[in-house]
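Everything on this sheet refers to the single structure shown next.
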Amino acid sequence: MPLITRVGHAYDPDAFHALAANPPANIQAIDELLSTLAYTQRDLGFAVFEQLTPNLGTAISRNPPAESQKIFRTWAFLLGYAPRFLRGRHAPDATARRLAKKFVRTLDSDQFAATLSHPHTDLTWQNFCGFIEFMKEIDPVSFKAIANRMDVAQLTTEFERSLPTPSRCHLYAVDILREARSDEAQALLERFEERYAAIDPFLAYMAPELTIRLLRRGLPLDLGLHSHDWKFAAILVDSIAVHDPKTACELAVANRPGFIAGLSSKATDPFDNLSAWVHTCDEHAPGLVDEVIRQLSAGAVAAWAPELRKRNRKHEIAPLVQRATAFRGPAADEAYELIRRFPSLRR
C-alpha cells in the first residue's frame, strides 16, 4: 500500500482507458486494478469502472454466483458498498450510487432469476447472497424485476430436496421471492410444514405464525444467542409475541443456555445490540435476564471490563452490571468491583 499511494499521482489516465477499451477476460484482474484505484485516484477509478460496466455486466451474467464474487473489492471499496459491518456509518457518495445503479441495470435479470430459482449450499452461493443484497440496496426496481421472474415451480423442487432442514441459502431464495410475491413464498413455506425437522431463524423471520405451530409441535429454534445475534433474536421473539405471547416467552426461556453462553463469551465485540435483546426479554419473559445473571459462572461479569472501556458499547452492558449487584454470589462481587473501577457506573 505505501508503494501504491506513492506512485498513484503519476498514473497515466489514457493508459487506463486504453486498457479498459480492451479488457482482460479475467474480471478478477479488473477487480485488482479498480481496487487499487480506490485508494489512489478514485475519480479515475470511477471513470474506468463506468467504461468497463457493459463488459462486467455481461461477464457476471454468464455465471452470477461464480463471477460476482470476483469483483468484491470493486463494489465494496471503490463504490463503497461493503457489508455494513465493514463500512460503519459511511454511505456511498452520489457518484458511486449513480455508477452502481448503472452497473446493476446491465445485469441479465432473467439469468439472475434462474440462478435464484436453483439455490445451492456451497460457499460460492453464500457469497452470491451477499452480492444480491448489494443489488437490492442499490436498485430496488431491478431487484424486484428479478424476484418477479423467479421460477416458483423450480424453486419449490429445489426447496423440497433440501428438506427436512432447508439450508440458509434455500431460505434466502424464498425470501427474495417474498420481496415481490409474498403469497407464493408463504404458500411454499407452508406446503412442507409437516416435513420440517428444525426451525432456522430465517424461517422464523419469514413465517412467525408457521413457526409458532412448529414450536408447539416440539421443534427447536436456536436464536443464536451464543453467537451474539442479539438484535435478530429480539426481532424474532417480538414477531412471535404479536401472535402468541406465551410461546414467545417459552422460546426466550428455552434459549437461556445460549443467553448464558453469549454473556460469558470472550469473543470480539460480543455485546452489539445486547440492549435490544434485554428489552425484549423484560417485555415478554420477565425475570429471565435476572435469572441468567445469577447463573453466570465466576469470571463472566469481570470479563465485561474491556466492553466498559468502549463508549459505543458501555450503554449495552452497564445496566447488566447494575442488575448483577442485586444478587449474592460471584456475579454480584464482580459487578461491585467493576463499579469501583468504573465510577461512572454509579450514575
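F46 - would you say it is under 30 Å from P270 (Cα atoms) and out of contact with any strand residue (DSSP E or B) (no Cβ under 8 Å at 6 or more places or on another chain)? Lay out the reasoning, then the answer.
Numbers: under 30 Å from P270 (Cα atoms): no; out of contact with any strand residue (DSSP E or B) (no Cβ under 8 Å at 6 or more places or on another chain): yes.
Answer is no for this residue.
Scanning the range 147-164 for residues that are aliphatic (A, V, I, L, M) and in a helix (DSSP H, G or I) returns A147, V152, A153, L155.
Each row is one residue, and each column tells you yes or no for (1) within 30 Å of S142 (Cα to Cα); (2) surrounded by fewer than 17 Cβ atoms within 10 Å (Cβ to Cβ); (3) modelled with pLDDT of 95 or more.
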| site | (1), (2), (3) |
| --- | --- |
| I176 | yes, no, yes |
| Q186 | yes, no, yes |
| L189 | yes, no, yes |
| E193 | no, yes, yes |
| A198 | no, yes, no |
| A233 | no, no, yes |
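For the subset of the range 199-219 comprising residues that are without any contact (Cβ under 8 Å) to a residue 24 or more places away in the chain and not in a helix (DSSP H, G or I), which member is nearest to G262 (Cα to Cα)? So, considering only residues that are without any contact (Cβ under 8 Å) to a residue 24 or more places away in the chain and not in a helix (DSSP H, G or I), the one nearest to G262 (Cα to Cα) is I199. Listed by first and then second residue, the pairs linking a residue in the range 98-113 that is farther than 11 Å from A145 by Cα and in contact (Cβ under 8 Å) with a residue 24 or more places away in the chain to a residue that is assigned to a loop (DSSP other than H, G, I, E, B) and among the hydroxyl-bearing types (S, T, Y), with Cβ atoms under 7 Å apart and 6 or more places separating them unless they lie on different chains, are A100/Y81.
Identify the residue in the range 44-68 that is of a type outside the set (V, I, T), in contact (Cβ under 8 Å) with a residue 40 or more places away in the chain and surrounded by fewer than 16 Cβ atoms within 10 Å (Cβ to Cβ) and, among all such residues, is nearest to G80 (Cα to Cα).
Step by step, filter the range 44-68, then rank; the result is E50.
When the test is whether a residue is of a type outside the set (D, E), buried (at least 16 other Cβ atoms within 10 Å of the Cβ) and in contact (Cβ under 8 Å) with a residue 24 or more places away in the chain, A300 passes it. Taking V278 as the residue in question, decide whether it is among the aliphatic types (A, V, I, L, M) and under 24 Å from P201 (Cβ atoms). It is true that V278 is among the aliphatic types (A, V, I, L, M) and under 24 Å from P201 (Cβ atoms). Being modelled with pLDDT under 95 and touching a helix residue (DSSP H, G or I) at 6+ places or on another chain (Cβ under 7 Å) is a description that applies to H228.
Answer yes or no as to whether P2 is modelled with pLDDT under 95 and either surrounded by fewer than 17 Cβ atoms within 10 Å (Cβ to Cβ) or not assigned by TED's automatic domain parsing to the domain that holds N273 (or both).
It is true that P2 is modelled with pLDDT under 95 and either surrounded by fewer than 17 Cβ atoms within 10 Å (Cβ to Cβ) or not assigned by TED's automatic domain parsing to the domain that holds N273 (or both).
If only one of P54, P23 is part of a loop (DSSP other than H, G, I, E, B) and out of contact with any Phe, Trp or Tyr (no Cβ under 6 Å at 6 or more places or on another chain), which one is it? Break it down stepwise before answering.
On the way: P54 fails: part of a loop (DSSP other than H, G, I, E, B).
Result: P23 is the single residue among P54, P23 that is part of a loop (DSSP other than H, G, I, E, B) and out of contact with any Phe, Trp or Tyr (no Cβ under 6 Å at 6 or more places or on another chain).
Condition test on H243, is it of a type outside the set (S, T, N, Q) and under 29 Å from A185 (Cβ atoms)? Taking the combined requirement at face value, the residue satisfies it.
Residues in the range 121-164 that are surrounded by fewer than 15 Cβ atoms within 10 Å (Cβ to Cβ), at pLDDT 95 or above and hydrophobic (A, V, I, L, M, F, W, C) were compared, and the one that is nearest to the chain's Cα centre (by Cα) is L163.
The values are calculated or read from the model by the stated rules, or taken from the named source; none is laboratory data. Just so we're clear, the structure is a prediction, and the values are computed from it rather than from any experiment. Because the Cβ atoms are built from the backbone with ideal geometry, glycine has one as well, and the counts that use them run over all protein chains shown.
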